[in-house]
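Everything below concerns the one structure shown next.
Readers should treat all values here as calculations from the given coordinates under stated rules, not as data from a laboratory. Note that the coordinates shown come from a computational prediction; the quantities given were computed from them, not determined experimentally. Backbone-built Cβ (ideal geometry, glycine too); neighbour counts: all protein chains shown.
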Amino acid sequence: MSISAAAAPVNASAPVALIIGAGSHIGRAALSQLQAQQPDWEIVAIARHADALPAGPGIRALTTDHSDASLQAIAAQLADVRGRVQRVILCLGVLHNERLRPEKRLEDLQSDTVLEYLRINAVLPALWLKTLLPLLTGPVACSVAVLSARVGSIADNRKGGWYGYRASKAALNMLLQTTAIEYGRRAPNVSLLAYHPGTVDTPLSAPFHRSVPEGVLLQPEQTAACLLTQMDLPGTPGTARFVDYAGESVPW
Ligand SMILES: NC(=O)c1ccc[n+]([C@@H]2O[C@H](COP(=O)([O-])OP(=O)(O)OC[C@H]3O[C@@H](n4cnc5c(N)ncnc54)[C@H](OP(=O)(O)O)[C@@H]3O)[C@@H](O)[C@H]2O)c1
């Protein structure tokens with residue numbers, strides 16, 4: 001279930017930004033920059049653990065376990081933001097944890113780990129897009145970004161490996177584009193973006209930094225600034241964009 005970890009008084013007519021997976025280092029950087037750019041906006045930060053959530057004026061902090069019941073409870077709690085949401089950033093994603101290690105070769109493939117990648121990286125963001133639809137639709141232009149990854153590009157896959165993570169980000173991209181087609185009919189005010197943040201200095205990528213060429217690793221603040229710039233650009237109803245931190249299109 002969802003609980004309100006910290007509730008600060010907000011202006012009931014203020015534009016709203018939702019950061020889902022707000023414990024993410026990229027998400028936190030985006031949140032800070034949004035706050036600095038738009039001090040009058042309300043920011044709703046949603047994460048699994050209260051201690052990962054920011055607090056302060058203009059921030060509504062909610063916890064979730066990403067279950068259907070929790071998503072429904074949060075949608076009910078957020079009924080008042082309907083028609084005010086201008087930015088949504090879906091940050092959640094996993095590359096490694098106590099159960100998951102990116103596979104190097106076919107012999108590493110296991111059904112439970114591939115399914116776990118798909119559940120967290122693709123299915124949960126799609127369920128959030130389903131849950132948010134009634135809150136986003138309306139006359140106010142709204143930009144929604146999911147944190148994808150270039151390794152989810154089928155056309156760009158020349159190195160192989162990382163089966164589960166790659167497949168989950170490719171699935172995320174397909175779910176996003178399919179959602180964009182339906183949002184195009186039901187919420188044409190919403191534009192959808194799959195964002196490749198680059199290789200970023202966060203816990204998600206930390207075990208793999210040794211193989212990153214010098215000068216390539218980005219800080220969360222750098223890629224968050226690029227993400228917010230991309231989100232400011234107008235989208236085309238009925239189609240999602242897939243772009244990277246340099247603003248270049250990534251092939252699906
Ligand atoms: N760092 C990179 O180099 C890089 C490169 C390409 C793409 N990305 C993508 O960028 C996004 C943000 O990653 P980050 O680099 O900021 O890493 P991070 O700081 O480690 O954040 C991880 C995010 O994933 C969520 N998460 C982790 N395990 C989860 C689980 N079991 N169930 C639900 N949510 C879970 C966290 O949720 P809480 O907020 O609830 O803690 C948090 O939002 C991810 O989608 C990642 O795939 C990152």
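Out of region 180-200, which residues are crowded, with 23+ Cβ neighbours inside 10 Å and assigned to a helix (DSSP H, G or I)?
Ala180, Tyr183
For a quick check of your reading of the model, give me the residue pairs whose first member lies in region 124-151 and is within 26 Å of Lys104 (Cβ to Cβ) and without any contact (Cβ under 8 Å) to a residue 24 or more places away in the chain, whose second is in a helix (DSSP H, G or I) and within 15 Å of the ligand (Cβ to nearest atom), with beta-carbon atoms closer than 9 Å and at least 6 apart or on different chains.
As it stands, the answer is Val151/Tyr165; Val151/Arg166; Val151/Lys169; Val151/Ala170, since those pairs meet every condition given.
Does region 28-66 hold any residues that are outside any helix (DSSP H, G or I), surrounded by 13 or more Cβ atoms within 10 Å (Cβ to Cβ), without any contact (Cβ under 8 Å) to a residue 60 or more places away in the chain and not hydrophobic (A, V, I, L, M, F, W, C), and which are they?
Selection gives Gln38, Glu42, Arg48, Pro54, Gly58, Arg60.
Which one of these is exposed (fewer than 14 other Cβ atoms within 10 Å of the Cβ), of a type outside the set (A, V, I, L, M, F, W, C), out of contact with any His (no Cβ under 9 Å at 6 or more places or on another chain) and not in a helix (DSSP H, G or I): Pro213, Pro203?
Pro213
The rows are residues; the columns are (1) small (Gly, Ala, Ser); (2) surrounded by fewer than 19 Cβ atoms within 10 Å (Cβ to Cβ); (3) over 28 Å from His209 (Cβ atoms).
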{"residue": "Leu92", "(1), (2), (3)": "no, no, no"}
{"residue": "Asn97", "(1), (2), (3)": "no, yes, no"}
{"residue": "Arg101", "(1), (2), (3)": "no, yes, no"}
{"residue": "Glu107", "(1), (2), (3)": "no, yes, no"}
{"residue": "Glu116", "(1), (2), (3)": "no, yes, no"}
{"residue": "Val140", "(1), (2), (3)": "no, yes, yes"}
{"residue": "Ser143", "(1), (2), (3)": "yes, no, yes"}
{"residue": "Ser153", "(1), (2), (3)": "yes, no, no"}
{"residue": "Arg166", "(1), (2), (3)": "no, no, no"}
